[in-house]
Amino acid sequence: KEAGSDAAAVAYEAYERAKNEGMDVLLIDTAGRLQNKANLMAELEKIVRVLKKQDENLPH
């Protein structure tokens, strides 16, 4: 994906690829999301929602 792509879409595609390729671990770097940055926290919440739709046990 290009820089500036929707983080949740990138996380979804990474999860699908990891699942399809039988990977055991997928790391999604969410560094830099501070409590005082509402837009970045909303982006993190969206990533969690997208992953939970795929598997209710995600993320962990």
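The modelled label-to-label distance for the pair Glu13/Asn57, using points 7 Å beyond Cα in the direction of Cβ, is 2.7 nm. The calculated 222 nm mean residue ellipticity attributable to helices in the chain amounts to -17000 deg cm²/dmol, summing -39500 (n - 2.57) over DSSP H runs of n ≥ 4 and dividing by all residues.
Helix 38-54 versus the longest principal axis of the chain: what angle, 0 to 90°, nearest 10, using Cα atoms? Value to nearest ten degrees: 20. Note the angle between two axes, namely the Cα long axis of helix 7-20 and the longest principal axis of the Cα atoms of the chain, as a number of degrees from 0 to 90, rounded to the nearest 10. Compared with the principal axis, the helix lies near 10 degrees.
Gyration tensor over the Cα atoms of the chain: the corresponding equivalent ellipsoid has semi-axes (square roots of 5 times the eigenvalues, largest first) of 21, 13, 10 Å.
Every number here is computed from the coordinates shown, using simple stated rules; none is lab data. As the structure is a prediction and not an experimental result, all values here were calculated from the model. Backbone-built Cβ (ideal geometry, glycine too); neighbour counts: all protein chains shown.
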